[in-house]
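Accompanying notes for the structure given below.
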Amino acid sequence: MTTVLGAPYKDYVARVPRFFPNPRLYRDQAEVTFTPRIFNHTLRDGLMFLVSIPFFELIESGQESGVIPVLFWLY
């Protein structure tokens, strides 16, 4: 594998532990760049998950009060 990937892979293998992460090896970058389109897409995905929580809670309370019928049970 080192012959295919070359020196960057050898440096990576030398730096990164094999099985267990070592938090002391973490180094933060001075500057981070990102693509706004991808950032917005990721943010929208996360917000959709957070918005779904009250929606499902509303369905659950509607089923418990008998307003929304329970179609099937999973045991």
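The values are calculated or read from the model by the stated rules, or taken from the named source; none is laboratory data. Owing to the predicted nature of the structure, the values given are computational and were not obtained by experimental measurement. Virtual Cβ from ideal backbone geometry, glycine too; neighbours counted across all protein chains shown. Please note that ligands, DNA and RNA were not included when accessible areas were found on the heavy atoms of the full protein model with its side chains. Shrake-Rupley method; radii C 1.70, N 1.55, O 1.52, S 1.80 Å.
Could you do me a favour and compute the accessible area per residue for the chain, 1.4 Å probe, result in Å²?
Spelled out: the 1.4 Å probe surface of the chain, per residue, equals 104 Å².
Leaving ligands, DNA and RNA out of it, report the carbon-plus-sulfur percent of the accessible area of the chain at a 1.4 Å probe.
66 percent
Please find the FRET efficiency linking residue 50 to residue 74, where r is the Cβ-Cβ separation and R0 is fixed at 25 Å, and quote it to the nearest 0.05.
So the FRET efficiency works out to roughly 0.55.
Pick the calculated Rg and Dmax of the Cα atoms in Å for this structure from [x] 23.6, 66; [y] 11.5, 42; [z] 29.2, 97?
For Rg and Dmax of the Cα atoms in Å, the calculated option is [x].
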